[in-house]
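**Q** Right, I'll just put the structure down here and ask away after.
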Amino acid sequence: MGIDPVVLFFVFGLAAGLLKSELKLPPALYETLSIVLLLAIGLHGGVELVEHASLTLLVQALMVLGLGVCLPLLAFVLLRGLRFDRINAAAVAAHYGSVSAGTFAVVVAYLVSRQIAFESYMPLFVAILEIPAILVGIVLAKGISRDTHWGELGREIFLGKSIMLLLGGLIIGAVAGKEAIKPLEPLYTSMFKPVLAFFLLEMGLIASGQLGSLKQFGLRLATFALLMPLLGALIGALLGCFMDLSVGGTAMLATLAASASYIAVPAALRLALPQANPSLSLTASLGITFPFNILIGIPLYHGLAERLIAWGL
């Protein structure tokens with residue numbers, strides 16, 4: 001099977017940016033595409049959430065919450081081992097404990113195109129994983145401090161664009177139900193991949209602009225940005241097997257654990273850790289990890305899920 005066309009859109013944008021092309025998408029279009037993707041993911045998850053609501057799902061959600069706490073701790077240890085200072089190590093770790101909604105959209109398209117079934121309530125896990133890593137990152141950076149404006153920070157976290165769109169979509173889908181939502185189904189069926197293709201074109205252009213920062217931050221950052229997704233994917237896949245998810249669900253959880261936020265976390269940390277260098281986080285998450293996951297990682301994590309489940313883990 002050939003490369004998915006939506007991935008080729010990302011490659012096209014990356015190449016155009018590296019070649020210093022004049023190609024640019026209007027900023028308003030990028031905003032619109034991200035809104036449509038997040039709402040579509042939330043709507044679909046909300047519809048399925050009602051149908052699968054159970055004590056088992058609650059237990060799974062708590063396990064995923066624990067994953068969101070463990071991943072930034074692991075990332076922090078690795079970054080400190082690579083001699084990054086405490087503040088920047090905590091800030092980068094928070095990005096890697098959280099998730100990339102864009103990567104999630106790509107893994108959804110990957111699995112659907114190959115007719116691989118997965119648990120359709122997975123968008124709930126995306127929303128859960130967005131939050132704990134930010135709080136862990138702040139505590140790692142400066143402990144529980146009176147100087148932290150927790151009210152303002154909480155507003156940024158819970159009322160930020162990505163969380164609001166995901167949760168809003170989940171609630172609308174859950175309240176409306178499958179029958180009432182049918183007129184909007186094209187948002188997460190026939191329209192989903194075309195919207196994702198244009199979104200990835202823009203992400204390729206943005207990622208190309210981050211690669212230049214490697215000259216400044218060097219091999220240590222690149223090592224972390226390639227190692228952490230592999231470790232996160234392994235942990236996520238093992239957790240998926242423990243939760244008795246399908247192959248597709250396990251691959252999806254592995255991908256979520258391997259991804260890094262570049263929307264919600266930067267906005268929150270801008271308030272909480274203004275002294276942290278945002279170029280470090282964005283270069284790692286958007287310039288290295290995102291392209292790695294899109295081009296190589298997702299098929300790798302799918303293969304890992306197949307192997308682990310075949311071994312009976």
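The values are calculated or read from the model by the stated rules, or taken from the named source; none is laboratory data. What you are looking at is a predicted structure, and each value in this text was computed from that prediction instead of being measured. Methodologically, a virtual Cβ is constructed for each residue, glycine included, from the backbone with ideal geometry; neighbour enumeration extends over all protein chains shown. These accessible areas exclude ligands, DNA and RNA; they are computed on the full protein's heavy atoms, side chains included. Shrake-Rupley method; radii C 1.70, N 1.55, O 1.52, S 1.80 Å.
**Q** With r as the distance between the Cβ atoms of residue 87 and residue 307 and R0 = 22 Å, compute the FRET efficiency 1/(1 + (r/R0)^6) and round to 0.05.
**A** Numbers: r = 39 Å, r/R0 = 1.75.
With a Förster radius of 22 Å, E is 0.05.
**Q** On to the next question. For region 185-313, build the charge dipole from Cβ charges (+1 Lys, Arg; -1 Asp, Glu) around the Cα centre, then report which of 290, 186, 304 sits farthest towards its positive end.
**A** Farthest towards the positive end: 290.
**Q** Let me ask another. Measuring from the lowest to the highest alpha carbon on each principal axis, how far does region 253-313 reach, largest first, in angstroms?
**A** Extents along the principal axes: 47, 21, 13 Å.
**Q** What's the carbon and sulfur percent of region 82-123's accessible surface, probe 1.4 angstrom, rounded to a whole number?
**A** Roughly 54 percent of what the probe reaches on region 82-123 is carbon or sulfur.
**Q** Compute the normalised compactness of region 157-272: alpha-carbon radius of gyration over 2.2 N^0.38 Å, N being the residue count.
**A** Numbers: Rg = 17.8 Å, N = 116, 2.2 N^0.38 = 13.4 Å.
Here the answer is 1.33, to two decimals.
**Q** So which of 24/182; 161/182; 24/193 end up more than 23 Å apart by C-alpha? List each step's numbers first, then the result.
**A** On the way: 24/182 34 Å; 161/182 25 Å; 24/193 20 Å.
Too far apart for the 23 Å limit: 24/182; 161/182.
**Q** Okay, moving on. In whole Å, what three semi-axes, largest first, describe the equivalent ellipsoid of region 52-207 built from its Cα gyration tensor (square root of 5 times each eigenvalue)?
**A** Details: eigenvalues 194, 75, 50 Å².
Equivalent ellipsoid semi-axes, largest first: 31, 19, 16 Å.
**Q** Then there's this: Given axes a ≥ b ≥ c from the Cα gyration tensor, I'd like to know whether the chain is rounded (a/c under 1.5), prolate (a/b larger than b/c) or oblate.
**A** On the way: a/c = 1.32, a/b = 1.17, b/c = 1.13.
Verdict is rounded for the chain.
**Q** Hey, another quick one. Over the Cα atoms of region 64-117, how large are the radius of gyration and the largest Cα-Cα distance (Dmax), in Å?
**A** Taking only Cα atoms of region 64-117, I get Rg and Dmax of 14.8, 45 Å.
**Q** Turning to a different aspect of this structure: To the nearest 20 debye, what charge dipole does the chain have about its Cα centre, counting +1 at the Cβ of each Lys and Arg and -1 at the Cβ of each Asp and Glu? Let's see the in-between values first.
**A** On the way: 17 positive and 16 negative charges, 173 e Å.
Dipole about the Cα centre, nearest 20: 840 debye.
**Q** Still on this structure, please answer the following. With all protein chains present, how much of the accessible area of region 208-313 (probe radius 1.4 Å) comes from carbon and sulfur, to the nearest whole percent?
**A** 66
**Q** Report the calculated FRET efficiency for residue 222 and residue 164 (r = Cβ-Cβ distance, R0 = 25 Å), to the nearest 0.05.
**A** Working: r = 33 Å, r/R0 = 1.34.
It comes out at approximately 0.15.
**Q** Can you tell which of 164, 23, 122 lies farthest toward the positive end of the dipole of the chain, using +1 and -1 charges on the Cβ of basic and acidic side chains (Lys, Arg; Asp, Glu)?
**A** Checking the options against the dipole of the chain, the answer is 23.
**Q** I've got another one for you. Just the number, please: Stokes-Einstein D of region 16-62 in µm²/s, Kirkwood Rh from C-alpha pairs, 4 °C, 1.567 mPa s.
**A** Values: Rh = 13.9 Å.
Approximately 93 µm²/s, per Stokes-Einstein.
**Q** Which whole-number percentage describes the relative contact order of region 216-283, with Cα contacts under 8 Å and a sequence gap of 6 or more?
**A** 32
**Q** Against the empirical 2.2 N^0.38 Å scaling, what ratio does the C-alpha Rg of region 8-144 come to? List each step's numbers first, then the result.
**A** Values: Rg = 18.1 Å, N = 137, 2.2 N^0.38 = 14.3 Å.
Normalised by 2.2 N^0.38 Å, the Cα Rg of region 8-144 equals 1.27.
**Q** Now for a different question. Taking only protein heavy atoms into account and a 1.4 Å probe, give the accessible area per residue of region 173-286 in Å².
**A** Heavy-atom accessible area per residue stands at 39 Å².
**Q** Relative contact order of the chain, please, whole-number percent, based on alpha carbon pairs below 8 angstrom and at least 6 residues apart.
**A** 31
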